[in-house]
Amino acid sequence: TSGPAYAESDLSLAEDVGRRAGVAIDNAHLYGETQNVAVHLQRAVLPERIDDIAGWSIATHYVPGGRGGVGGDFYDAVQLPDGNVAIVIGDVMGHGVQAAAAMAQLRASVRAYLCIDPAPVTVIAKLDRMFAELSITQLATVVYGVISASGRQFSFVNAGHYPPVLVNARGEARFVDAVPQPPLGTGAVNQRLATEVGLDENDTVLLY
């Protein structure tokens, strides 16, 4: 009873603060729900672990970056009927549900195309055509390659991604130089070019 009396202006201020707080809380809830969808989608599509392939040692490590914690990163390794092994890594531009959905489409497409013809130039060219015909506007960088069954030959196409690294048995590492080529989705590619590199026994091929 000894405090100051509140006026109509005080009530208006309190109501305005309440409305702003309510909008902020709703937005936070919506953002959280969207992130949960993106996380579940990404976890459903990315392999928890790569299948064991007899005669090969394959390891993966994935830590998403950015504030959202969910992006368009994907990777895979598939043994082919002739004993060769196809490996791929890529990154779709952006974060959140849209990037995760595009990543899921791209990874599934790579698997479908390599079942028809696993040659690196062919797979990347089909992805270029898919991006063009379906008017996919997101850019994506990809390294897709095939290691021979003997483990002595690595053929790959690098579409705007970081270059592969070769590590020999002594732990010495070097980048594999390749002809610079644009990412998927630029629409500026007439012909993809593959890079061929010889491997020694116990070499490690690193994609990142």
For the stretch 112-122, state whether one or more residues are within 18 Å of the chain's Cα centre (by Cα) and among the hydrophobic types (A, V, I, L, M, F, W, C).
yes
Keeping to the stretch 151-205, report how many residues are farther than 25 Å from LEU106 by Cβ and of a type in the set (A, V, I, L, M, F, W, C).
5
Return a yes/no flag: does the stretch 90-105 have any residue that is farther than 30 Å from TYR31 by Cβ and of a type outside the set (Lys, Arg).
no
Just checking, how many residues over the stretch 191-201 are in contact with a Phe, Trp or Tyr (Cβ under 6 Å, 6 or more places away or on another chain) and part of a loop (DSSP other than H, G, I, E, B)?
1
Any idea which of (1) at pLDDT below 95; (2) within 20 Å of the chain's Cα centre (by Cα) is the one VAL157 doesn't satisfy?
(1)
Strands (runs of 3 or more DSSP E) wholly inside the stretch 144-190 containing at least 3 residues that are hydrophobic (A, V, I, L, M, F, W, C) and either surrounded by 14 or more Cβ atoms within 10 Å (Cβ to Cβ) or on the phi > 0 side of the Ramachandran plot (or both)
153-159, 165-167
May I ask you to list pairs of residues, at least six apart or on different chains, whose Cβ atoms are under 9 Å apart, with the first in the stretch 167-178 being in contact (Cβ under 8 Å) with a residue 12 or more places away in the chain and the second being open to solvent by 80 Å² or more (accessible area, probe 1.4 Å) and of a type in the set (S, T, N, Q)?
ASN168/ASN202; ALA169/ASN202
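The values are calculated or read from the model by the stated rules, or taken from the named source; none is laboratory data. Since the model is a prediction, treat every value here as computed from it, not as a measurement. Neighbour counts run over all protein chains shown; Cβ positions are idealised from the backbone, glycine included. Areas reflect the complete protein model, heavy atoms only, side chains present, ligands, DNA and RNA absent. Shrake-Rupley method; radii C 1.70, N 1.55, O 1.52, S 1.80 Å.
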